[in-house]
Structures are given as C-alpha cells and as structure tokens.
Amino acid sequence: MVINLLVLTITTPKRLTPKKAYPQKGLPPKRLTPKKAQFMSVVSSVLIPIIKLWLRSQVEHIDSIEIAIAGKSWQILSGDIPKANVIGAGAKYQGLAITNIDLCAEAIHLNIAQILKGEALRLLDPIHVTMDVELAPEDLQSCLKSPIFLEAIASDTPPAVHSDDEIRALLEMLLHKLGDEFTLHELAIADGGVKCRGEFAIAAT
C-alpha cells in the first residue's frame with residue numbers, strides 16, 4: 001500500500017502591527033487574515049495535490065513521501081520557491097530499489113500561474129539538486145539486476161559483488177562513467193549497504 005505524507009512549511013512576511021497588552025495566561029489564539037487563509041486554501045487544495053501527483057508519476061512505487069516547501073506566500077504564488085525538500089522511503093525508480101532518499105533544491109522556478117489554471121507542472125529553469133541516498137544490502141543487490149544499471153555498466157549479466165571492497169569498486173566505476181552528470185561528495189559502504197551524497201542537475205521542462 002502506498003502511503004503519502006505531505007508537509008508544507010511556508011514562511012509568510014511579517015507585518016508590523018500595534019502590540020496589544022494581554023495577560024500572561026490565556027493569550028488569545030492567533031487568527032489567519034483573510035488573505036493568508038485564502039492563500040493556504042489555494043496551496044492545500046490546488047498546488048499541493050498537483051505537486052504530489054507529479055512526484056508520484058516519477059516513480060513506480062513509494063512507501064512514504066514528505067515534502068517541505070520554504071518560502072514567503074508571495075514568492076510561492078509567483079512561482080519562485082527558495083527551497084524545497086523531498087524525503088522518501090521505499091521508492092522504486094526505473095527498476096532501482098531505493099531504501100531512503102533525501103532531495104534538496106533551491107531557487108526553483110515553476111509555472112504556478114499556469115498550474116492554477118489546470119496546466120501541467122513545468123520547471124522553468126534548470127536546478128541543482130543535492131541528494132542523500134541510502135541502499136540497504138537487499139535493495140543494492142536488486143539495483144544491480146535492474147536494466148538501467150546493466151545498461152549503465154554495459155553488461156548483459158548482473159555483476160556478482162558482495163564484499164564492501166567489491167561494491168566500492170563497482171560504484172566508483174559507475175560514477176566515472178557518469179562523468180559530469182553526477183558529482184559525488186561522500187560515499188560510505190558498510191555491511192553490504194551504501195550511503196551516498198552527491199549533486200546533479202535537472203534541466204528545465
């Protein structure tokens with residue numbers, strides 16, 4: 001069963017308002033202004049489902065997904081998102097089994113005005129994405145048998161690698177083949193599992 005959890009974090013601009021004197025206890029709850037309430041309604045009822053649907057369309061399966069969008073309300077509605085995080089678990093992408101993944105991107109420009117009119121989501125400018133990915137031993141072995149991995153290493157049969165040294169040598173060879181498509185920052189291998197941090201670019205759509 002696919003479970004989707006979506007978290008939206010929005011920083012709205014501060015407004016200077018006269019301070020009111022309240023007792024220390026029993027302060028009245030803060031109320032959303034009509035404009036903020038309308039903005040939150042648009043984001044939660046229109047924008048979030050569209051982004052959620054688009055993300056789900058990019059993978060074959062995912063157990064859980066969490067999204068955090070940071071930005072001021074006027075920025076998000078204009079399509080300029082300062083920062084976004086996507087954290088997923090139990091994902092499958094083009095046959096690759098991914099235990100945990102954490103993606104972070106900044107300066108994201110989307111066609112929000114067109115999205116709110118029912119058009120497809122588009123990335124207006126290229127972005128750089130920082131990725132933290134973890135593969136459990138069983139997921140790593142599954143990845144080695146996937147068609148996309150075999151194509152990347154130009155092989156018809158899955159490589160037989162089990163020791164940490166063999167896994168490291170194979171992954172370093174793969175990263176060398178990728179060249180400038182992926183920049184590796186950190187690679188840790190232990191007990192047949194892999195943790196990797198790197199950066200890659202996504203072209204505008």
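Some points to look at:
- In segment 106-126, residue surrounded by the most Cβ atoms within 10 Å (Cβ to Cβ) [restricted to those that are in contact (Cβ under 8 Å) with a residue 40 or more places away in the chain and over 12 Å from T205 (Cβ atoms)]: I112
Per-residue answers, yes or no, for (1) over 26 Å from W54 (Cα atoms); (2) at pLDDT below 95:
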{"residue": "T130", "(1), (2)": "no, no"}
{"residue": "D139", "(1), (2)": "no, no"}
{"residue": "D156", "(1), (2)": "yes, yes"}
{"residue": "D165", "(1), (2)": "yes, no"}
{"residue": "T183", "(1), (2)": "no, yes"}
{"residue": "A188", "(1), (2)": "yes, no"}
{"residue": "K195", "(1), (2)": "yes, no"}
{"residue": "T205", "(1), (2)": "no, yes"}
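- Lone unmet requirement of (1) assigned to a helix (DSSP H, G or I); (2) more than 30 Å from N111 (Cβ to Cβ); (3) of a type in the set (D, E, K, R) for D180: (2)
- Restricting attention to segment 54-71, the residues being farther than 25 Å from E119 by Cβ and among the hydroxyl-bearing types (S, T, Y) number 1.
The values are calculated or read from the model by the stated rules, or taken from the named source; none is laboratory data. All of these numbers come straight from a predicted model, not from anything done at the bench. Because the Cβ atoms are built from the backbone with ideal geometry, glycine has one as well, and the counts that use them run over all protein chains shown.
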